[in-house]
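Asker: Dropping the structure in here first, questions after.
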Amino acid sequence: MVSATKLEGGYCFHSKNSPLDQPEGVKIHLYRLGIEQREHDALKSFACAGEGSPSLLDTIILSQWENFAQKGQLGYDVTTCELKSGMLIPNIPATPPTKLFTFPLIATVAALIGTVCLSCAANRDGYGGIVIEGQRDFVIQMNDKWNSFSLKKYDKFGHPFGCLKPNSARSYEELLLCIAEGENNEPEVVPSITPPNNGVLLIANAYPVEYGHIFLVPNATNQLSSFWDKRMFGLITKIASEVNSAAFRVFFDDGTSIVPKHMFFQACYFANPLPVESSSTVALYDGATRSGICVSEIVDYPLKALVFTSTNVNALVDVVSEACLALHENNTVHSLMMSNNGRNVFLFPQVKNLVTGCCLSAWECCGYFVYHTKVDFDRASETGISNRMASFSFQDGDFEDLKKLCCAIADGLVT
């Protein structure tokens, strides 16, 4: 039996008296995005408690992730891992968690889904005053338990949910939430429902790189392409906007995927801007008043990169999608990082190491590295990190061609 309860702010929360796993199949909480009331498709979240308060979606994600952690499902507490940075960043004082659920809807949702968010990324201490000598602000983490192949254990999510049945051999506790487009003006949360075909699954990473590390995996039944689904990328962009947190970063890798024939993203919360975000830029295409998007080149950075900036979700999705498809068709490894609530997308084309077959992960492209041994961690230097990044950097001629292509794609939106 399903009942609808009207809550403050015009939102509608549907409650269903049923456990998460039922005989008819796997069930999960569903967050339906509201129909965005925007001018020229501008990205904006309408599910916020107010200035300085967490959004509804941000609260639910962190609540579910914390609940997963409290059950002892994480391989380690990533907030205790030692960090070093190239810049001395003061410790960030913790914010009392009791003030998190001040918005009636957020408090109600948190109570109904049975989770409590105890902290947030901004509560993670700063880099402890330990620095890497040099002028850059690279960040390194000492973590001997981190597993870069952790998504392998989640291959069960690569199958349509209509075929999944909970049993003693398979656990779905890491499945935190499903997000899909909605048909109402306001967002709504529906607990205990079969994930829709057009949804994105949020899966907790038991071996996090940073706080709140999750996988964002499109439901397998909705995959239009083994590599890139433009509609799903658009949904990911809207999710980043809806989370509405300056700490939230979304990552994508093409060339390092360990789940073949299935597109997926990752996301973490970072208390401070990533190094690439602090780098200088040079504008290549300024179409803010024409196509609604700007294309810039990152300069004075060891890895060649571009950044696309726009509040127009359609323009951003169109340009980035065409650029990624062009790189993929040319067998070029590349990574993406999305920040600023979905308004900025960084593109890192790479040259794969022909000897090892390795390439940089998206967060490594951004200047954030994880070391498995204390010896390597202590020896890490700005010069060594810069040289490593530069070894994967695109050739000058190829990068010039990519810049021209991206500008042409952006300019093509005008006609």
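Asker: Give the residues of the stretch 70-102 that are open to solvent by less than 30 Å² (accessible area, probe 1.4 Å), at pLDDT 90 or above and touching a Pro at 6+ places or on another chain (Cβ under 9 Å), sorted by residue number.
Answerer: Of everything in the stretch 70-102, those that are open to solvent by less than 30 Å² (accessible area, probe 1.4 Å), at pLDDT 90 or above and touching a Pro at 6+ places or on another chain (Cβ under 9 Å) turn out to be 76, 78.
Asker: Quick check: is even one residue across the stretch 164-171 open to solvent by less than 10 Å² (accessible area, probe 1.4 Å), more than 19 Å from residue 59 (Cβ to Cβ) and either of a type outside the set (D, E, K, R) or modelled with pLDDT of 90 or more (or both)?
Answerer: Taking the stretch 164-171 and keeping what is open to solvent by less than 10 Å² (accessible area, probe 1.4 Å), we get 164.
From the residues that got through so far, the ones that are more than 19 Å from residue 59 (Cβ to Cβ) too are 164.
Among the residues that remain, those that are also either of a type outside the set (D, E, K, R) or modelled with pLDDT of 90 or more (or both) are: 164.
Yes, the stretch 164-171 contains a residue that is open to solvent by less than 10 Å² (accessible area, probe 1.4 Å), more than 19 Å from residue 59 (Cβ to Cβ) and either of a type outside the set (D, E, K, R) or modelled with pLDDT of 90 or more (or both).
Asker: Spot the failing condition for residue 306; the list is (1) open to solvent by 30 Å² or more (accessible area, probe 1.4 Å); (2) in contact with a Leu (Cβ under 7 Å, 6 or more places away or on another chain); (3) not basic (Lys, Arg), and only one is missed.
Answerer: Looking at each condition in turn, residue 306 falls short on (1).
Asker: Going by the structure shown, is residue 360 in a strand (DSSP E or B), touching a strand residue (DSSP E or B) at 6+ places or on another chain (Cβ under 9 Å) and not polar (S, T, N, Q)?
Answerer: Details: in a strand (DSSP E or B): no; touching a strand residue (DSSP E or B) at 6+ places or on another chain (Cβ under 9 Å): yes; not polar (S, T, N, Q): yes.
It is false that residue 360 is in a strand (DSSP E or B), touching a strand residue (DSSP E or B) at 6+ places or on another chain (Cβ under 9 Å) and not polar (S, T, N, Q).
Asker: So which of 244, 205 is touching a strand residue (DSSP E or B) at 6+ places or on another chain (Cβ under 7 Å), surrounded by 23 or more Cβ atoms within 10 Å (Cβ to Cβ) and within 30 Å of residue 274 (Cα to Cα)?
Answerer: 205
Asker: Now, a different point. Taking strands (runs of 3 or more DSSP E) that fall entirely within the stretch 263-319, which contain at least 1 residues that are within 28 Å of residue 61 (Cβ to Cβ) and touching a Gly at 6+ places or on another chain (Cβ under 7 Å)? Steps first, please.
Answerer: Details: elements: 265-269, 280-287, 293-299, 306-309.
Ranges flagged: 265-269, 293-299.
Asker: Can you find a residue that is modelled with pLDDT of 90 or more and either buried (at least 24 other Cβ atoms within 10 Å of the Cβ) or within 17 Å of residue 366 (Cβ to Cβ) (or both) anywhere in the stretch 214-225? Break it down stepwise before answering.
Answerer: If we filter the stretch 214-225 for residues that are modelled with pLDDT of 90 or more, which is where we start, we get 214-216.
When the remaining residues are screened for being either buried (at least 24 other Cβ atoms within 10 Å of the Cβ) or within 17 Å of residue 366 (Cβ to Cβ) (or both), the result is 214.
The answer is yes, given that some residue of the stretch 214-225 is modelled with pLDDT of 90 or more and either buried (at least 24 other Cβ atoms within 10 Å of the Cβ) or within 17 Å of residue 366 (Cβ to Cβ) (or both).
Asker: From 345, 351, 370, grab the single residue that is among the β-branched types (Val, Ile, Thr) and under 18 Å from residue 83 (Cβ atoms).
Answerer: Working: 345 fails: under 18 Å from residue 83 (Cβ atoms); 351 fails: under 18 Å from residue 83 (Cβ atoms).
Checking each option against the conditions leaves just 370.
Asker: Can you tell me which residues in the stretch 363-403 are open to solvent by 50 Å² or more (accessible area, probe 1.4 Å), assigned to a helix (DSSP H, G or I) and either more than 18 Å from residue 297 (Cα to Cα) or touching a strand residue (DSSP E or B) at 6+ places or on another chain (Cβ under 9 Å) (or both)?
Answerer: 374, 375, 376, 378, 379, 383, 387, 388, 398
Asker: Let me ask another. Report whether or not residue 61 is at pLDDT 95 or above and closer than 23 Å to residue 344 by Cα.
Answerer: On the way: at pLDDT 95 or above: yes; closer than 23 Å to residue 344 by Cα: yes.
Yes: the conditions hold for residue 61.
The values are calculated or read from the model by the stated rules, or taken from the named source; none is laboratory data. Since the model is a prediction, treat every value here as computed from it, not as a measurement. Cβ coordinates were reconstructed from backbone atoms using ideal geometry, including for glycine residues, and neighbour counts include every protein chain displayed. Side chains included, ligands, DNA and RNA excluded: accessible areas come from the protein's heavy atoms. Shrake-Rupley method; radii C 1.70, N 1.55, O 1.52, S 1.80 Å.
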